[in-house]
């Protein structure tokens, strides 16, 4: 699940449903916003999901919290840093859901997903594109972007 900013909304619902149903499968959320102190939407609840095992992994990116002069860090950077593990999850049948900004975030996340598939799957760009298209065709890569 990749849902920075208000894109967290459906994933919060997913996680609440997993908690209510007692689901035990793995789940991974990438969340980001500008500043942790002011914009970590549902932060305590998300950390509680991790503590209770409802959420297996929570990777965070707060773009304005870095030192002056450092590049901003976004969810796609966290994805890339964890590319080998993300690729392994895909190989195990994971689904990728993206919600949030269509203008920048969704495009950057899509490009990063293609890059991870190529790099970690040992594919050229055309093969990576075909792999991602198969994910889409099989409803394993779903985007709700606005």
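Quick notes on this structure:
- Scan of segment 63-84 for residues that are within 17 Å of residue 28 (Cα to Cα) and surrounded by 14 or more Cβ atoms within 10 Å (Cβ to Cβ), ordered by number: 74, 75, 76, 77, 78, 79, 80, 82, 83
- Only a single criterion out of (1) over 21 Å from residue 61 (Cβ atoms); (2) touching a helix residue (DSSP H, G or I) at 6+ places or on another chain (Cβ under 6 Å) is not satisfied by residue 138, namely (2).
- Any hit, segment 50-64, residues being closer than 20 Å to residue 98 by Cβ, modelled with pLDDT under 95 and touching a helix residue (DSSP H, G or I) at 6+ places or on another chain (Cβ under 8 Å): no
- Boolean, residue 1 is closer than 13 Å to residue 100 by Cβ, surrounded by 14 or more Cβ atoms within 10 Å (Cβ to Cβ) and touching a helix residue (DSSP H, G or I) at 6+ places or on another chain (Cβ under 6 Å): yes
- Helices (runs of 4 or more DSSP H) contained entirely in segment 29-146, each with at least 3 residues that are closer than 19 Å to residue 4 by Cβ and either touching a residue at least 40 places away in the same chain (Cβ under 8 Å) or in contact with a strand residue (DSSP E or B) (Cβ under 8 Å, 6 or more places away or on another chain) (or both): 43-52, 75-81, 105-121
- For segment 4-28, a tally of residues being in contact with a helix residue (DSSP H, G or I) (Cβ under 6 Å, 6 or more places away or on another chain) and assigned to a loop (DSSP other than H, G, I, E, B) returns 1.
The values are calculated or read from the model by the stated rules, or taken from the named source; none is laboratory data. For clarity, every value in this text was computed on a predicted model and none was experimentally measured. Please note: Cβ atoms are built from the backbone with ideal geometry, for glycine as well, and neighbour counts cover all protein chains shown.
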